[in-house]
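As structure tokens, the structure follows; a few thoughts come after it.
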Amino acid sequence: MNKQTVKTLKWISGGIEAILGIPIIGGSIVIGLGWTPLWVMLIFHIAVLVLSKKVGVKAYGNILGIVTSAIGWIPIVGMFMHMLSAVFILIDAARKDKNSDIIEMSK
């Protein structure tokens, strides 16, 4: 497992959170599937958090995602929490590493 793989997982989790944060659409998905997406995202966020800690990547967005999955069943609060989680996770995913795995050669 490397940092790039974890970043890819963050992009995926941020994208899913963004979809779940869309008014009416996100709620329809969550309610229509019997709140299963909240459980799936809870497990996914925990997995990304564990992998992030293993490779030394910050995972503040995924911690917020865990909280969101726990309280996402509350109608309006859930929508805003999914939006916030998406923003923070996508910021984490887009963040550049100080110690990148790629070595750049200069002339």
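The values are calculated or read from the model by the stated rules, or taken from the named source; none is laboratory data. Small disclaimer: the values here were computed from a predicted structure and weren't measured. Here the Cβ positions follow ideal geometry from the backbone for every residue, glycine too, while neighbour counts run over all protein chains shown.
Taking the criterion of being exposed (fewer than 15 other Cβ atoms within 10 Å of the Cβ) and part of a loop (DSSP other than H, G, I, E, B), the residues of the stretch 1-54 that qualify are Met1, Asn2, Pro23, Ile24, Leu33, Gly34, Trp35.
Would you say Gly15 is under 17 Å from Val87 (Cβ atoms), more than 10 Å from the chain's Cα centre (by Cα) and in contact (Cβ under 8 Å) with a residue 24 or more places away in the chain? No. Within the stretch 85-103, identify whether any single residue is at pLDDT below 95 and hydroxyl-bearing (Ser, Thr, Tyr), and answer yes or no. Yes, the stretch 85-103 has at least one match.
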